[in-house]
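Values in this text are rule-based calculations from the coordinates and carry no lab data. As the structure is a computational prediction, the values presented were derived from the model and not from experiment. All Cβ positions, glycine included, derive from the backbone under ideal geometry; neighbour counts span all protein chains shown.
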Amino acid sequence: MTEEFPQGKMPYEPEPFWRESTQLKSFPPLKIDTEVDVAIVGGGITGITTAYLLSKQGLKVAILEASEILNETTGHTTAKVTAQHGLIYDELIQHMGEENAKLYYQANIDALEFVRQTTNELKIDCDLTEEDAYIYAISDHYEKKINKELEAYQRLGIHSEYVNSIPFPIDIKGSIVMKSQGQYHPLKFLNVLVDEIVKSGGEIYEQTTAIDIDETTPKPTIITREGRRVACKYAIACSHFPFFDGKGFYFSRLHAERSYILGVRAKMDFPGGMYYSADSPTRSLRYTPMNGEKLILVSGDGHKTGQGMSTYKHYKALEEFSEEVLGIEEIKYRWSAQDLYTLDKVPYVGSITSSKPNILVATGYRKWGMTNGIAASKILADLVLEKENPYQDLYSPSRFYADPSIKKFLKQNLDVAGHLIEGKIDIADKSIQDIRNDEGSVVVVNGKRAGCYKDNEGNVNLVDTTCTHMGCEVEWNSGDRTWDCPCHGSRFSVTGDVVEGPAKKPLKKVDM
């Protein structure tokens, strides 16, 4: 263990429970040019569900995944299947109107119902249970917000109630309960959809990175890093951050945040239900079955990617909360997740721009991808099938609300500019010799800024810290051992390879 990730109860390596507890199939990379009806970039919940819906209708579908399917955000979720997305409905009413707030709620309830129906129809064993979802306040300030949110629930007809306590040693001011929501094992559910896609003739390619779309051809043609071409009637970007911008300026309309999860065996028996704190830093609690026991997922402590304190300290904060509230027997798992936020907190789903109806996008789920991702899939499928969808206008990427969109746009891009300038004038005060084994930091090499990581054997990896997306300076993420960009959320491995976009090219190597 290093000083930056010291010995303790936490596992040394970050690994989500979902992936370790599921046997996932592997698929070959794309090695030849091909043509399909619909090409989907991204093998997470949206890409797989969209492919499932369209392949059921007889369309020839291909999924292109840069790494492995169900590996990134979908594989790192807390997997609450709920329309309770924090304090959102009062805000939506204020900024978008009551009708749109009701549509947002209904879209996510429809997604929950899709999971229930599909689980029943395909007889999927995915630990799906019905749970009430609680959002609670511990401060006077957030008690007021909770009360406003309750008023919004009542205006929208949301099945809910107000309670004064929750079954944990947490002194709360009050809590709203959204009734009859759900939780499940997402990979067990989506693994069966993968089987159905393959049975229907769908193609899945892993280790296949899409980097561009050729719009000069009669049909949109996706180009991969290896130079393969996939011609299609519809190209759909479900790659978390859109791999293709199409002059939609998504880099200026999205920001990335990381959050953290511990999988805990607890001394107390978990009472059921799903819990989320309104106050910041947020705390989230739910359980999932594990070998006849209950593994409790404790999550929260979100922050903008590449910004803030050492990521280890976020895990430590969750450990301290878990000990206080649950009593820790063992921390079995730890992992982190990255989520994208839009300007108005509603995802962007639909044509990437109004002038490109055959290139579609789905992004910006704000940590609630288990329902928003499925709602997006249904919108995308209906657009391809030329059917009306009741939620397509609400989620349209071309929408714009004067408040809060203008304020958020200006604030977000001022933040990017600030980090761009700060990174350029920040002077590193460490040398390679100062870095311990299994430690990373910005150092000075030949008078210039560089990123240094030493592995457990003392081998040195040096990279240029300038992000290949738009030139911001990346920072070291000790919890996940990655280089993270504070401007648009790109992440790179210790050797500089792209872990997460929007960057497409790796960090440059630096010679000693």
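Efficiency by 1/(1 + (r/R0)^6): what FRET value for Asp269 and Gln23, r their Cβ-Cβ distance, R0 = 22 Å, to the nearest 0.05? Write down the numbers at each step before the final one.
On the way: r = 29 Å, r/R0 = 1.34.
For R0 = 22 Å, the calculated efficiency reads 0.15.
Which of the cysteines in the chain are isolated, no other cysteine C-beta under 4.7 Å?
Lacking a cysteine Cβ partner under 4.7 Å: Cys126, Cys232, Cys238, Cys452.
If R₀ is 22 angstrom, what is the calculated FRET efficiency for the pair Ile223 and Met470, using the beta carbon separation as r and rounding to 0.05?
The pair Ile223/Met470 has a calculated efficiency of 0.55.
Compute the relative contact order of the chain as a whole-number percentage, counting only Cα pairs closer than 8 Å that sit 6 or more residues apart in sequence.
For the chain, the relative contact order is 17 percent.
At a threshold of 8 angstrom on Cα-Cα distance, excluding pairs fewer than six apart, so keeping six or more, what relative contact order does the range 180-291 reach in percent?
Working: 76 pairs, mean separation 14.9, N = 112.
Averaging sequence separation for qualifying contacts and normalising by length gives 13 percent for the range 180-291.
What is the calculated FRET efficiency for Asp455 to Glu151, with r their C-beta to C-beta distance and R₀ = 51 Å, to the nearest 0.05? The partial results should precede the final answer.
Values: r = 55 Å, r/R0 = 1.08.
So the FRET efficiency works out to roughly 0.40.
Report the longest stretch of the chain that contains none of the GluC sites (Glu not before Pro) sitting in a DSSP loop with at most 12 other Cβ atoms within 10 Å.
Numbers: sites that count: Glu3, Glu226, Glu386, Glu388, Glu457.
The longest such stretch corresponds to 4-225.
How far is it, in nm, from the label point at Glu323 to the one at Ser355 when both lie 7 Å from their Cα along the line to the Cβ?
5.9
Any idea what the dipole of the range 200-305 comes to, in debye rounded to 20, about its Cα centre with Lys/Arg Cβ at +1 and Asp/Glu Cβ at -1? Don't skip to the end; give the middle numbers.
Working: 14 positive and 12 negative charges, 28 e Å.
Rounded to the nearest 20 debye, it is 140 debye.
How far is it, in nm, from the label point at Val198 to the one at Glu121 when both lie 7 Å from their Cα along the line to the Cβ?
Distance between label points: 2.1 nm.
Hey, what did the range 430-512 get for relative contact order, percent, Cα under 8 Å, at least 6 apart?
22
With a point put 7 Å past each Cα toward its Cβ, work out how far Ser398 is from Glu113 in nm, to one decimal.
Once both label points are built, they end up 2.9 nm from each other.
Give me the number: length gained by fully extending His141 to Glu98, i.e. 0.36 nm times residue separation minus the C-alpha to C-alpha distance, one decimal in nm.
13.1 nm
Report the extension gain between Glu130 and Asp212 in nm, rounded to one decimal, defined as 0.36 nm multiplied by the number of residues separating them, less their alpha carbon distance. Please list the in-between numbers first.
Values: separation 82, 0.36 × 82 = 29.52 nm, distance 4.16 nm.
Working it through step by step, the gained length comes to 25.4 nm.
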